[in-house]
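A.B. asks: Here's a structure for you.
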Amino acid sequence: MNRITKAAALATTAGLALGAALPASAQQAERVLKWAHVYEANEPYHTCAVAANDALMAATDNRLGVEVFPASSLGKETDINEGLSLGTVDIIYTGQLFAGRAYGPIAIGGAPFMFRDYAHWDAYRNSDLFGELSQGYKDATGNHITSMTYYGERHVTANKPIVTPADMEGLKIRVPNATLYMMFPEATGANPTPIAFAEVYLALQQGTVDAQENPLPTIQAKKFYEVQSDISLTGHITDALLTIVGGPVWDSLGEEDHAALEQVLDEAAVCATDQIIKAEEDLKAWFADEGVTVNEVDRGPFIEAVQAVHNGDMASWDQETYDRLQAIE
């Protein structure tokens, strides 16, 4: 049984499961770790991270706690990635493509149409390949990947249906500021425009961009549906967040605290993943009730366009890594 699967089992049975420990203040811990991310305080990534404090304090006899900083309050995605090595943040959630700036191969899991479905992604995050890529990232940065949390399937929102690659032609679409996020729009004729996450709503509202792409729970949390009439279910990226502990703090901890921190962060990943899966199941109907048009999409032509460039100039992985990922059952 691999580590993530063990965490899933323990999260439902162990006394240290999230939410099972008595409420505690992080300030009561001997050492408080800063956990930063760019997501809203009402999203599962944040609420599960906040709950991790109690579990971590219980697991370490109050040696360690966490304080969580949501909504880019400690910086944008690039800032918090840099902060890991500087010691200005201790733990972050980040996209694979941002981590890929420091170690290219780790970005492969965030590329468009890289996974057949959720089961393929789940097998990858529990695979030897992901373990090897995580070690490669650590060797390159000194920072330690503990967990991977399902972020959801990314879909396109716009003020028109996007149901064929031709509908993408000339579309000015916001993407995160990481090169591989441009692969899908460029392969389908759109114009990718990097904009910081905190600025996307205003950019859509003011018409700076025509469209954006994110999973359904994020579209709801960020209220993008208020300024976009259509959600088109392109499912072009089966996306995930990495939980990364900065090298300075990881290296300062002993083996016992390493094990406790790994366990608790794995449990937080399971906690948020389960909630995102449930939200994806429910939100299509919710958006329709809000007056948003939800368009089903034949993904075949999109997949064909993107797979043609999977190992092209944007690829930050080698052919062997790509073939190993595709061979995962």
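The values are calculated or read from the model by the stated rules, or taken from the named source; none is laboratory data. No experiment lies behind these values; they were computed from the predicted model shown. For neighbour counting, all protein chains shown are included, and Cβ atoms are generated from backbone atoms with ideal geometry for every residue, glycine included. What goes into the accessible areas is simple: the full protein's heavy atoms, side chains included, and nothing from ligands, DNA or RNA. Shrake-Rupley method; radii C 1.70, N 1.55, O 1.52, S 1.80 Å.
A.B. asks: Restricting segment 98-117 to residues that are part of a helix (DSSP H, G or I) and open to solvent by 10 Å² or more (accessible area, probe 1.4 Å), which is modelled with the lowest pLDDT? Write out each step before concluding.
C.D. replies: Going through segment 98-117, the residues part of a helix (DSSP H, G or I) turn out to be 98-99, 104-110.
Imposing the further condition that a residue be open to solvent by 10 Å² or more (accessible area, probe 1.4 Å) reduces the set to 98, 104-105.
On the way: Phe98: 95, Gly104: 98, Pro105: 98.
Of everything passing the filter in segment 98-117, Phe98 is modelled with the lowest pLDDT.
A.B. asks: Given the criterion more than 30 Å from Asp318 (Cβ to Cβ) and basic (Lys, Arg), identify the matching residue among Arg101, Arg31.
C.D. replies: On the way: Arg101 fails: more than 30 Å from Asp318 (Cβ to Cβ).
Sole residue among the options that is more than 30 Å from Asp318 (Cβ to Cβ) and basic (Lys, Arg): Arg31.
A.B. asks: If you don't mind, another one. Give segment 275-296 a look and list any residue that's open to solvent by 60 Å² or more (accessible area, probe 1.4 Å) and touching a residue at least 60 places away in the same chain (Cβ under 8 Å), or say none.
C.D. replies: Gln275, Lys284, Trp286, Glu290, Thr293, Glu296
A.B. asks: For residues in segment 300-319 being touching a Phe, Trp or Tyr at 6+ places or on another chain (Cβ under 8 Å) and within 27 Å of Asp230 (Cα to Cα), which is most open to solvent (accessible area, probe 1.4 Å)? Lay out the reasoning, then the answer.
C.D. replies: Step one: of segment 300-319, the residues touching a Phe, Trp or Tyr at 6+ places or on another chain (Cβ under 8 Å) are 302-303, 306-307, 310-311, 315.
With within 27 Å of Asp230 (Cα to Cα) added as a condition, the list becomes 302-303, 306-307.
On the way: Phe302: 1, Ile303: 44, Val306: 0, Gln307: 93 Å².
Looking at residues that are touching a Phe, Trp or Tyr at 6+ places or on another chain (Cβ under 8 Å) and within 27 Å of Asp230 (Cα to Cα), I get Gln307.
A.B. asks: Next question. Report, ordered by the first and then the second residue, all pairs with beta carbons closer than 6 Å, sequence separation of six or more or different chains, a first member in segment 158-174 that is free of Cβ contacts under 8 Å to residues at least 60 places away in the same chain, and a second member that is among the polar types (S, T, N, Q).
C.D. replies: Matching pairs, first to second residue: Met168/Thr188; Lys172/Asn191; Lys172/Thr193; Arg174/Thr193; Arg174/Gln212.
A.B. asks: Going by what's in this entry, would Asp139 be described as farther than 16 Å from Arg324 by Cβ, out of contact with any Lys or Arg (no Cβ under 8 Å at 6 or more places or on another chain) and open to solvent by 10 Å² or more (accessible area, probe 1.4 Å)? Spell out how you get there, then give the answer.
C.D. replies: On the way: farther than 16 Å from Arg324 by Cβ: yes; out of contact with any Lys or Arg (no Cβ under 8 Å at 6 or more places or on another chain): yes; open to solvent by 10 Å² or more (accessible area, probe 1.4 Å): yes.
Yes: the conditions hold for Asp139.
A.B. asks: Could you please give the count of residues in segment 239-263 that are in a strand (DSSP E or B) and of a type outside the set (Ser, Thr, Tyr)?
C.D. replies: Narrowing segment 239-263 to residues in a strand (DSSP E or B): 239-245.
Pick out the ones that are also of a type outside the set (Ser, Thr, Tyr) and you get 239-242, 244-245.
Qualifying residue count for the region: 6.
A.B. asks: Out of curiosity, is Arg3 open to solvent by 30 Å² or more (accessible area, probe 1.4 Å) and modelled with pLDDT of 95 or more?
C.D. replies: No: the conditions fail for Arg3.
Condition check ((1) without any contact (Cβ under 8 Å) to a residue 60 or more places away in the chain; (2) of a type outside the set (Gly, Ala, Ser)) across all residues:
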| residue | (1), (2) |
| --- | --- |
| Pro44 | no, yes |
| Ala51 | no, no |
| Leu74 | yes, yes |
| Ser85 | no, no |
| Ile92 | no, yes |
| Phe98 | no, yes |
| Tyr103 | yes, yes |
| Gly109 | no, no |
| Tyr124 | no, yes |
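A.B. asks: So, one more: Taking segment 172-225, which residues are part of a loop (DSSP other than H, G, I, E, B), open to solvent by 20 Å² or more (accessible area, probe 1.4 Å) and among the aliphatic types (A, V, I, L, M)?
C.D. replies: In the first step, residues of segment 172-225 are kept if they are part of a loop (DSSP other than H, G, I, E, B); the result is 176-178, 188-190, 195-196, 207-210, 215, 222-223.
If we keep only those that are open to solvent by 20 Å² or more (accessible area, probe 1.4 Å) as well, we get 177, 189, 195-196, 207-208, 210, 222-223.
If the condition is that a residue be part of a loop (DSSP other than H, G, I, E, B), open to solvent by 20 Å² or more (accessible area, probe 1.4 Å) and among the aliphatic types (A, V, I, L, M), then Ile195, Ala196 are the ones that fit.
A.B. asks: Another one. How many residues are out of contact with any strand residue (DSSP E or B) (no Cβ under 7 Å at 6 or more places or on another chain), of a type outside the set (Val, Ile, Thr) and open to solvent by 30 Å² or more (accessible area, probe 1.4 Å) if we restrict to segment 30-50?
C.D. replies: Here the count works out to 4.
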